Amino acid sequence: MSGKEVKSALKSAKEAIKNKEFKEALKQCKAVLKLDKKNYNAWVFIGLAASELEQPDQSQSAYKKAVELEPEQLLAWQGLANLYEKTDQWDFKVELPNVYQKLVELYASSDKKKCYEVIKKLTEIYQSDKEYLKLAKVWQQLIQLKKEEAVDKKELLELWQQLTQLLSDCLNEEEQDNEIQQHLISAFENAMVLMDPVPGEKHMKMSTDYVRCLSKLPQEEAKMKEACESMLSHYPSQSYPLEVLGSHYLKTGILNEDTVSCFSRLLDLAPNCGLGHLGLGTKALQEGRYKDAIKDLAQGLKKTSCNTGWYSLAEAQFKMHRYSDSATSCSQGLMICGSGDRELRVKLLRLKLETLVRSGGEKAADQALETFSQIPDAEKDPVLVALKGRAYLNKGQIDQALKVSSELVASNPNLAQGLALKGLVHLAEGQQQLAEQSLLKAATKNPNCGEYYFLLGQLYWGMGEETRKDRSKAHTHLLKAAKLDPHLGSAFRYLGHYYREIANDRGRARGCYKKAFELDNEDAESGAASVDLSMEQEDMETALATLESVIEKATPGSAKWAWMRRGLYYLKVGEHQQATADLQAALRADPEDWVCWECLGEAYLNRRSFTAALKAFGKAHQLQPSSIYSVYQAAAIKQTLGKFKEAVAEYLQITAQQDYVPALKGLGECQLSLAKSLMEDCRDGGAIDLIQQAIQNLFKAVELRPDLSCLWKLLGDACTAVSTVSPNRAQVLVPAPLAGLDPNSQSHMLNQAQTLKVGERCYAHALKLMSEAPSLWYDLGLNYYRQASLPSPTEGDQNSQSLVLEKAQQCLKKAIMMDSGNHSYWNALGVISMNKGLENYALAQHCFIKSIQVEPNNVVAWTNLGTLYLKKDNIELAHEAFKIAQSLEPLYVNCWIGQALIAERVGSYDTMDLFRHTTELSTHMEGVKGYAYWVCSTLLDKSNRDTELYRYNIVQMNAISAAQVALSKYTERIQSDPEAFIMLGYLNEHLQLKRQALQAYQRAVELLQSTSSTEELAFAVGSYGRALCTSGQWEEAVHAYKSTPLQELSDLAGVALAYCRAGLIPESISAYERALAVASSEKEKAYILTALALLQHRQGNLDSAKTLLFKCSMLKEPISESLLCLCALGLVHGDATLAAAALTELLKQGSASGSVVEQRCLLTCTLLALQGNYSAVQREASRAVHSNPGNPSLWALLSRVVPQYYPRKANGGAMAGHVACLSSMTQGKRALLYSGVNQLASGRHSGEDRHRNALKTLQRAVLLCPDDPAAWAGLMAACHTENTSCYLSGSAPCRQGMEKILMSVVSEKVRSVEEIERPLAQTLEGWVLQQAVTGLVMGGQLEEAEALCSQVLNVSPEHPAVMLALRQVQCQRLLVANGGTVLPDSVMEQLNNTVMMNPTNLGAWHWLAEVYRSQGLLVQAVMAYRQSLQLASQLGLHSSQVTSLLRLALLALGPCMADVPGNDWKDLVLEATTEVLKLGSFPMALLFQALLQYVTKMAARETRRLLERLVYVSSQDFPVTVVQVASWYLLRHLHAKNDDELINVLLERAKMNRDQRLLKFHSLLASSSS
């Protein structure tokens, strides 16, 4: 190919590239290269085409071939640069800077603009590759090109600034190139030269960057200082150059005058600059000003964290012996130490090791050993090994320490640290002499170490008293230690000990302690000693200043000693609130300090926070059980709070340990206070016991401290306190010495007068000790007054009482002379002056008025003044005085009694209310008797029963109970007042307290028999007889009544009743006839005639009884009781006409209330039952309950009649019993039994409801009425029900074997019932026997049942019920033994005869009918059921009638179901069920009719209607069994009719009711039909 062809091919290739036909271009170029292998353009075109075809390697080879051919041509270099830029290949990226560099050379002379662009690209590559030296050279090349172009100064400045920025990153590299650094410095210098203006903001920024750059170049120290000075000269307010200089000085350790000046200037410009404080602190450390160093370094490190700063701070703290702080600082420094600070790190570790060792403690020792392991080559350094040994010693590892010390001394015998370690080891082993020798050697080797001298001084101090006193030892060495190391606070502490305990120089000791505390603020011992000595020297200001300085710095839970001492100071000066706060803070530091708890208790006590004080003292006693003080203070607080019983217990706890006089005194005071509270409640017996104990304890205290007048005074108070109680109660056992008897003899029993005499002597003894105490004269005067108030049977005694009263008067006058401003003294003198024997009323009035003048709010004096006026019959003045007293103190009872006496005297209606109010306030004898009198008077007046005044005073105010309680207390205190006992007996009668009433009347009779008051005696005897009647002592009552004149109607009626109850009917009739002659009113005669009628009926004279009762009804004032008796007479004898007529007349008498309503309801129900109207019985009782819902008796009656006459409502009956139980506990006891019977009737057992069932209810009934045989019988029935439910459910009964036990309990209870209830109780006993036998038979225990019957027959051979039970058991055994075979005729006849022996036993006829049925004798079974039906009708037993009819219907239904021909059995079913439905709606009767219809006409619509009426019933009264049976037959009926729709309805209902048996039955029917 010729040259022309080559050109043509290159042109074609160029056109192909232009058209992007790169393969064609390659083809053309290759053709060219075949001819001319050195064709430059061909190689360039190949490189371009290959690049576009993504063949980078071929492209690179082509470009490189071109470059080799013509290296100075741009085209190939440009192509190569584009290829490298476009292709992401690492080897290309490596070659790219060289290509750029060649381009820069080529462009430099041809195209400056492209040259600058390539330089920037090259710069970016060098910067990313951190080729800072190449970057600097290429950038300088750029700057040189710019200079050649003569660009302006500003652009050059920017280029130099950019270079500084580009090269600044090189300063962060670990390995720095000096040439690069010089390029950077040169860039800054050139930029600074070009910078304009100077000074200026840009110049300042550039200067700052320049200084920062130089600060990172240690070798450029001179330039750095020069730059800093230059910057400071231009910008003197800038702190940065000073910071750089300061940082440089700290790193280099250069601390001269220039350094200090630098740091000072820095702090002047920036007071919070940490670097400045670090510099000054380091300087202070070098100069030995450790306190200033610590202050400045700590402040500087808060702002600037610096490892050298932490080391300096740790060193300063070490010098000040603040070891824990020093260790912390070392740890902080180690945390920020870098890898290049190896030397400083080792220094920190060494210092930390030493601080941890010196700080002591096992934890610090562990840290020290860990630190030792971190120090390189530590085992080779003997000083560090010595520290390691001390660490072992601190841990208590003496053997390890001994080993280290031995090795160390052996290898380094002259090492002071090793000798010191050996001495400390010997000291730990208790070898003080050897320790002394080693420490002396250590001090000799290093005489400038204060620690060794301190250790010697400490050793000598601990060696005993002799070495302490030897000044040349402990004192000298401690002084030497303090001189060598003036910052060693422990040396000054021991010097303080020496001056305080040995030299007795309190001033020097205080100075030493103060110095020790100043050196170490955590030295609590020195601080406490310093404060204690300051307080001892009365320098309270210094002491408080020290305490407050500690408290201000203290963290919560620290500085206990300071808090406690300041708290004690405040406690001493009376600032109890502040004392409490400080002592609480002390306890936060140490909650187990019992002394601090006691101090806190004192603070609480002084500020009257008794509950808190009690808790504090309790805590102190818990921590220190042997501390008597805590127990005493707790007892004293409880005494102050009035918790005398608890206080007595704690005082006794103290006195059991030792005879502590304050505890004995407090114990006596508490017992006396308890006695007074008992006397206020008239519990005199207990009060005397407590007084006796108080005297014994106070006498013990007096024996220990006879010089204390307060103890004698308390003894006098205890002896005088017996004056309040009844004389026959006041028998006190007094120690013989106190009673004035032989000290060697035992205690003597003294009466009231003798005890008061002892009290007089005690007051006299107290006066000998404190003769000028007016209160003691007052107490002695009151004692004389109490002695004078004792009863005086003879005239001589009365004269002596007058003398005693004069003594009392003289004592009170003496007290008034000493203290005329005490109102109590004036008041007491007035009371004594009023007393019988003196009766100086003028003086008394003067004293009362004087007392009021001294104390205007004096309720006692006003009341006594009113009493004086009342005694002088000045009613108006008395009323005014009492009224003022009431206004002053409404709760003071005496002024109310005075007003009541005035109201009684003027005949006011408020009298009774006022007396009642006095009994509510407190028990006062006068108020109690007055109230009881008015209550009894109101009760005796029968005419006021319906008045509003009676309802309020007696009923609403519960007057009878209140008066009875108050009067019981009165008679306990005053046992010689017959009137009070008569009233008490009368009130007890009203409260049905029969025995108490009898005792009260008996006591009244005994008291009146010695008097001449025959009328009162007759009244009391009559009341006594009445009480005897009430308590059932009929013969004694007759004897009592006979001792009266028998002229009063009440006495005659009472003796007649007594004769009647004693069984002397003729004598009773005679007495009633005498009473009839005495009776004055028609009403009284009616009552007597009624009683005579009852007696005639008892004698069997029915006509006479009716005649007398009719005679009663003919009187002008008929009484309801006679009509009640007439109605009851008709009911008893089955005369419904008579009963109805009497009841009609009774109801005509108008509305009734209370028990009369219950009587009328009971009679009405009984009459309805007699008439056979059983459903009306329940309705009548319900009507009565609705009319009187608040009457619990009616609720109980309703619960009682429901199970007998309307058992379908048994659930309602149970609820009625529950309501009665909640309404009244009296009715509730019986109502619980009725409720349980209702639950039995409804079949409610534990299987249905675990909480509300018959068993639970009857168990409660037995608990409430354990003597009621009916309750036990009910419990037996409930157990039988539970067992029956278990049998039916297929589970084992859990209450077997209880029949005999319960039967024996019932038999035992029956024996104790009253005579009138004996027939019913015997019937119940028979029922229980039958129940027991039934239970045994049901459990299969036939032999036990037969044995039980035989056992009873042995006791009662002719008992028909037992014989019947025996035959039933024998029959059952016979049937079981023969496998249900036919019984012989002889056996059947015997069974029939046994039933005939019990003609009124319905259960016997039912059983006989079942026996006939089992033998196939259905006709005989029908006859037996008819016989039981007839018997139930005769007895009026509604439920038994229903039972007999249903059993008869069930019996007849059997042949019908068996499809026996004939209509006789069907007619019998209809007849029986119809009769049942006439008596009431009974589901069982409806079921029998439905089943009869099913048997007769299974597919009839009537069959479905009758069955659906039972299945789809909404009432809950239908038993579940009835519903389920009806459901089964209804399902069979629907299956026969193929009524799928109704079957589905029935099945849905079954699923809803969870009737699985019906669903299973349906599946069986469905499978059989398919």
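Quickly run through segment 1010-1024 and pick out the residues that are open to solvent by 100 Å² or more (accessible area, probe 1.4 Å) and among the aromatic types (Phe, Trp, Tyr). Passing the criteria: only Phe1019. Residues that are open to solvent by less than 30 Å² (accessible area, probe 1.4 Å) and in a loop (DSSP other than H, G, I, E, B) do not occur anywhere in segment 11-33. If you check Thr542 against the conditions, is it closer than 25 Å to Trp594 by Cβ, surrounded by fewer than 23 Cβ atoms within 10 Å (Cβ to Cβ) and of a type outside the set (A, V, I, L, M, F, W, C)? Spelling it out, it is not the case that Thr542 is closer than 25 Å to Trp594 by Cβ, surrounded by fewer than 23 Cβ atoms within 10 Å (Cβ to Cβ) and of a type outside the set (A, V, I, L, M, F, W, C).
Quick grid of which residues meet (1) open to solvent by 20 Å² or more (accessible area, probe 1.4 Å); (2) touching a residue at least 60 places away in the same chain (Cβ under 8 Å); (3) among the small types (Gly, Ala, Ser); (4) part of a helix (DSSP H, G or I):
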site	(1), (2), (3), (4)
Tyr569	yes, no, no, yes
Arg588	yes, no, no, yes
Gly601	no, no, yes, yes
Tyr604	yes, no, no, yes
Ala612	yes, no, yes, yes
Pro625	yes, no, no, no
Ala635	no, no, yes, yes
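Would you be able to say whether some residue in segment 644-658 is in a helix (DSSP H, G or I), open to solvent by 40 Å² or more (accessible area, probe 1.4 Å), touching a Ser or Thr at 6+ places or on another chain (Cβ under 9 Å) and under 30 Å from Glu525 (Cβ atoms)? Taking every residue of segment 644-658 in turn, none turns out to be in a helix (DSSP H, G or I), open to solvent by 40 Å² or more (accessible area, probe 1.4 Å), touching a Ser or Thr at 6+ places or on another chain (Cβ under 9 Å) and under 30 Å from Glu525 (Cβ atoms).
Would a scan of segment 451-472 turn up a residue that is part of a loop (DSSP other than H, G, I, E, B), crowded, with 16+ Cβ neighbours inside 10 Å, in contact with a helix residue (DSSP H, G or I) (Cβ under 8 Å, 6 or more places away or on another chain) and not acidic (Asp, Glu)? Within segment 451-472 (the criterion being part of a loop (DSSP other than H, G, I, E, B), crowded, with 16+ Cβ neighbours inside 10 Å, in contact with a helix residue (DSSP H, G or I) (Cβ under 8 Å, 6 or more places away or on another chain) and not acidic (Asp, Glu)), the answer is yes, since at least one residue qualifies.
All of (1) part of a helix (DSSP H, G or I); (2) open to solvent by 10 Å² or more (accessible area, probe 1.4 Å) hold for Leu439 with one exception: (2). Put simply, of Glu1180, Glu1158 the only residue that is touching a Cys at 6+ places or on another chain (Cβ under 6 Å) and of a type outside the set (A, V, I, L, M) is Glu1180.
Pairs are defined by a Cβ separation below 8 Å, a sequence spacing of at least 6 or placement on different chains, a first member in segment 944-963 that is surrounded by fewer than 17 Cβ atoms within 10 Å (Cβ to Cβ), and a second member that is of a type in the set (S, T, N, Q) and modelled with pLDDT of 80 or more; the pairs so defined are Asn944/Thr938. When Cys1279 is tested against (1) open to solvent by 40 Å² or more (accessible area, probe 1.4 Å); (2) not in a loop (DSSP other than H, G, I, E, B), only condition (1) is not met. Determine if segment 37-44 includes at least one residue that is under 22 Å from Ser110 (Cβ atoms) and open to solvent by less than 40 Å² (accessible area, probe 1.4 Å). Yes, segment 37-44 contains a residue that is under 22 Å from Ser110 (Cβ atoms) and open to solvent by less than 40 Å² (accessible area, probe 1.4 Å). Just one of the listed residues (Cys1161, Cys1112) is open to solvent by less than 30 Å² (accessible area, probe 1.4 Å), at negative phi, touching a residue at least 12 places away in the same chain (Cβ under 8 Å) and within 60 Å of the chain's Cα centre (by Cα), namely Cys1161. In segment 1518-1525, the count of residues that are assigned to a helix (DSSP H, G or I), modelled with pLDDT under 85 and over 55 Å from the mean Cα position of the chain (by Cα) is zero.
When Asp1459 is tested against (1) over 25 Å from Gln1171 (Cβ atoms); (2) assigned to a helix (DSSP H, G or I); (3) not hydroxyl-bearing (Ser, Thr, Tyr), only condition (2) is not met.
When the helices (runs of 4 or more DSSP H) confined to segment 860-963 are screened for residues that are more than 49 Å from the chain's Cα centre (by Cα), those reaching at least 3 such residues are found at 875-888, 893-906, 925-940.
Residues that are closer than 30 Å to Lys363 by Cα and either open to solvent by less than 40 Å² (accessible area, probe 1.4 Å) or at pLDDT 75 or above (or both) number at least 1 in the following helices (runs of 4 or more DSSP H) confined to segment 244-330: 274-286, 290-303, 307-319. Residues of segment 545-567 that are more than 23 Å from Glu602 (Cα to Cα) and either open to solvent by less than 40 Å² (accessible area, probe 1.4 Å) or part of a helix (DSSP H, G or I) (or both): Ala545, Thr546, Ser549, Val550, Glu552, Lys553, Ala554. If you take the residues in segment 1419-1443 that are at pLDDT 80 or above and open to solvent by 50 Å² or more (accessible area, probe 1.4 Å), which one is nearest to Gly1454 (Cα to Cα)? Filtering first and then ranking leaves Val1419.
The listed residues are Lys422, Lys388, and the only one of them that is farther than 19 Å from Lys319 by Cβ, in contact with a Phe, Trp or Tyr (Cβ under 6 Å, 6 or more places away or on another chain) and surrounded by 22 or more Cβ atoms within 10 Å (Cβ to Cβ) turns out to be Lys388. Take the residues in segment 51-73 that are of a type in the set (A, V, I, L, M) and part of a helix (DSSP H, G or I); name whichever of them is most open to solvent (accessible area, probe 1.4 Å). Looking at the filtered set, the residue picked out is Leu69.
Regarding Leu479, is this residue under 29 Å from Lys403 (Cβ atoms) and either surrounded by fewer than 22 Cβ atoms within 10 Å (Cβ to Cβ) or not charged (D, E, K, R) (or both)? Considered against the rule, which asks whether it is under 29 Å from Lys403 (Cβ atoms) and either surrounded by fewer than 22 Cβ atoms within 10 Å (Cβ to Cβ) or not charged (D, E, K, R) (or both), Leu479 comes out as no. Within segment 473-490, the set of residues being outside any helix (DSSP H, G or I) and touching a residue at least 12 places away in the same chain (Cβ under 8 Å) comprises Asp485, His487, Leu488. If you go through segment 1455-1473 and keep only what is loosely packed, with under 14 Cβ neighbours inside 10 Å and of a type in the set (Gly, Ala, Ser), you end up with Ala1458, Gly1462. Pairing each residue of segment 1443-1463 that is farther than 15 Å from Met1484 by Cβ and free of Cβ contacts under 8 Å to residues at least 40 places away in the same chain with any residue that is in a loop (DSSP other than H, G, I, E, B) and open to solvent by 10 Å² or more (accessible area, probe 1.4 Å), provided the two are 6+ apart or on different chains, yields no C-beta distance under 7 Å.
The values are calculated or read from the model by the stated rules, or taken from the named source; none is laboratory data. No experiment lies behind these values; they were computed from the predicted model shown. Please note: Cβ atoms are built from the backbone with ideal geometry, for glycine as well, and neighbour counts cover all protein chains shown. Note: accessible area is taken over every heavy atom of the protein model, side chains too, but ligands, DNA and RNA are not part of it. Shrake-Rupley method; radii C 1.70, N 1.55, O 1.52, S 1.80 Å.
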